[in-house]
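Participant: Could you have a look at this structure, given as structure tokens, before my questions?
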Ligand code: FAD
């Protein structure tokens, strides 16, 4: 058993780093346990041409503005990974990696955090394990019969390997739009979405997300919607305006060699790319038997888990704080968590 710490942060992506920034600012001793071998969190599971939906200055974590990128384009994933790695150094984040948390149970002093590298005793636990841990593929009829190649967006590494092929891209959010646009110059692309894609207004980017999230934090209602609204980053906007990026209704079923559309017509495909998102993996919290609603842990709309003092869920999306799953939006929720941790550690 290691020494007792006032706070343990589980996950060392952008949310975990933001939490560490404010814990450090309040002088709260803590450790960040991260299962990944290297910094960057889910940004390491994206594709080279992925662009942030806002300029660097509006994609910053607390304390240090993300360095500008050369040229007009928004930052790419490599720029974000470099920023997160340097952020860790800049704020001497006490991160231990690779350390995977396997379970959390209550103890007399708060919680016991069990990992493959030992057990931590913690006064409070901040979950920041992100959404990228469990790629989600919907159970479309005939899925297992398909003889072509299937890939989830988390495994997409660029258009080259799909050149000259007939590719079905499934998913009407940012990943689907960006990957379909990425493939259009080299492949025959069919983009299938459950509902017609909703583009945010072209002038909306992370700044708007931050403004709306701040308003929500002040109790002025509203929300940023999910990341499912498509931000028209330049490559997406170009492909849309040139008429190449056109969504078609979701296919009914998959066959050995293709898919059957809602019109009942089968079309041949060589590959399917599932841009159907992720599900957070909170199995490491199963020992706490947390109340759930619609498969999600119940929160009060912020990182606070009612009825479980000392446990906080940060960065998973609107259900634990509007825009908390974004670089620009997670900081204000991390500050709220650090305030609550400080209050929880106050002597009774
Ligand atoms: P992650 O980055 O997933 O980090 C979680 C960390 O926890 C990982 O290092 C993981 O290894 C670790 N972990 C997981 N389980 C355990 C465990 N049991 N024990 C220990 N460690 C564990 N956001 C923006 O701000 N701007 C954008 O433009 C933007 N564009 C996006 C485009 C796409 C296509 C997608 C999919 C997302 C986009 N996002 C954007 C959202 C952003 O990428 C994620 O929300 C963000 O990476 C989440 O950060 P996080 O720290 O919450 O989780």
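The values are calculated or read from the model by the stated rules, or taken from the named source; none is laboratory data. From a predicted model like this one, the values you see are computed outputs, not experimental measurements. We place every Cβ from the backbone using ideal geometry, glycine too, and count neighbours over all the protein chains shown.
Participant: May I ask you to verify whether residue 333 is within 27 Å of residue 80 (Cα to Cα) and either more than 16 Å from the ligand (Cβ to nearest atom) or free of Cβ contacts under 8 Å to residues at least 24 places away in the same chain (or both)?
Facilitator: no
Participant: So, in region 230-260, how many residues would count as being closer than 22 Å to residue 272 by Cα and either modelled with pLDDT under 70 or in contact with a strand residue (DSSP E or B) (Cβ under 9 Å, 6 or more places away or on another chain) (or both)?
Facilitator: Residues meeting the conditions: 20.
Participant: Which is loosely packed, with under 13 Cβ neighbours inside 10 Å and either within 16 Å of the ligand (Cβ to nearest atom) or more than 25 Å from residue 151 (Cβ to Cβ) (or both), of 277, 243, 287, 317?
Facilitator: It is 243.
Participant: Could I ask something else about it? With 328, 272 as the choices, which residue is away from the ligand (no atom under 15 Å from the Cβ) and under 30 Å from residue 183 (Cα atoms)?
Facilitator: 272
Participant: Out of 113, 80, 32, 99, which single residue is near the ligand (Cβ under 10 Å from one of its atoms), touching a residue at least 60 places away in the same chain (Cβ under 8 Å), in a loop (DSSP other than H, G, I, E, B) and crowded, with 19+ Cβ neighbours inside 10 Å?
Facilitator: So the residue among 113, 80, 32, 99 that is near the ligand (Cβ under 10 Å from one of its atoms), touching a residue at least 60 places away in the same chain (Cβ under 8 Å), in a loop (DSSP other than H, G, I, E, B) and crowded, with 19+ Cβ neighbours inside 10 Å is 99.
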